[in-house]
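K.L.:
Have a look at this one before I ask anything.
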Amino acid sequence: AVLVEYGSGKGGLAAAVLRLSRGLRCVLVEREPRRHKFENKQEQRDEQVLRLRVDIADFHLKEFLSAPLEAASLPSAVELSGGALSVSSSEAFLGPAERLQELWQSAAAFQASGPWPPSRLVACAKHLCGGATDIALRSLKAFPAEAGSKGGVMVCVATCCHHRCDVDSYVNRPFLEALGLCNSPEDFLQLVSTAGWAVGGEGRRDVQKRRVGMMAKRILDLGRVAWLRKELHLDDASLTEYISKAVTPENMAITAGAAKKPARGCLHILKLEEAQAELQFWLRRLLRDRLDQQRKRILAQGQVGAALCKMYACAALQQLEEAAEMPAPRGKEKKGTRLLGGQVDAFLIGSKLESSSSPLIA
């Protein structure tokens, strides 16, 4: 069997597998240079490990699993040189052409170390972000059918960063369309952005929002599980909780091809209808809570406004009472005297005149 670790980094996952299965041949696919790689450690020097510094999107598993390379027919560094591939002028350092020649030779030695193509392929990854998971899963379709009949494919991929999934690389958009969640690329972008809620926010107020985000992540992973069952005929494909959520909220892995069923699984999404109903329930509940919060905020603003109006009305009434109790001004009044006081005096004089001319009094 051959183990392929996608997005391997330093190769810690492959090292853990080798501690349990000695003699397993490992291919590490990583696009970035890494220091302290596990295959350089003394206790791992005897293992058959091939590191390929290449992007997952550029890794052609079908070509890699084809007929084994013959070391005698491999091109030399001089034949590979040209353009950006130059030959080093110093014996102390290897140029790009020499490193490429060395990689070809390492690949040929790796294939010659056992039966090729292998009878069983183990694909694994730890926290493979967003669309990289879909690219890795789709590459497994290249596993030769004749090899699959002898052994098959085993999958163990811990997913993460679902908000970084993209509509072009996701493996099972028809699954989401059947659920009524994604009928357009815009719908898909909204769904994956909702998945980001699962690991954001703090406090009780964001609990329900995180719950909706977690359901979106589960549905995206469930689409991948359904794709493995349909396209690779891995009927035992499922989601497995491989570590406690207290350690990391990204604690789910896609497993398939194992001889035994996983000890713990995601039981609440065994049926697609249940997953869809639960997601819609939490979306409705989130919307209701948002409306309740908005209503309470408007009521609080109204109460504050009413209190301010009452305060201003009391102050204005007090000013009116004080103005009515003020004595009438004597002598010649300057321009700009109290208009309110003059109106009160005029009202009192008019009242006296009307009472003196009243027929009842006469």
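K.L.:
Which of the residues belonging to region 228-260 are under 12 Å from L137 (Cβ atoms), outside any loop (DSSP other than H, G, I, E, B) and open to solvent by less than 20 Å² (accessible area, probe 1.4 Å)?
P.N.:
L228, I254, A256
K.L.:
Please find, among R211, R205, the residue that is farther than 15 Å from V157 by Cβ, assigned to a helix (DSSP H, G or I), open to solvent by 50 Å² or more (accessible area, probe 1.4 Å) and modelled with pLDDT of 80 or more.
P.N.:
Checking each option against the conditions leaves just R211.
K.L.:
State yes or no: is D46 at pLDDT below 80 and surrounded by fewer than 13 Cβ atoms within 10 Å (Cβ to Cβ)? Break it down stepwise before answering.
P.N.:
Values: at pLDDT below 80: yes; surrounded by fewer than 13 Cβ atoms within 10 Å (Cβ to Cβ): yes.
It is true that D46 is at pLDDT below 80 and surrounded by fewer than 13 Cβ atoms within 10 Å (Cβ to Cβ).
K.L.:
Right, something else. Go through the residues of region 220-236 one by one and say whether even a single one is modelled with pLDDT of 85 or more, at negative phi and touching a His at 6+ places or on another chain (Cβ under 9 Å).
P.N.:
Yes: one or more hits.
The values are calculated or read from the model by the stated rules, or taken from the named source; none is laboratory data. Please read all numbers here as calculations on a predicted model, not as lab measurements. Cβ: placed from backbone, ideal geometry, glycine included. Neighbour counts: every protein chain shown. The accessibility values were calculated without ligands, DNA or RNA, using every heavy atom of the protein model including side chains. Shrake-Rupley method; radii C 1.70, N 1.55, O 1.52, S 1.80 Å.
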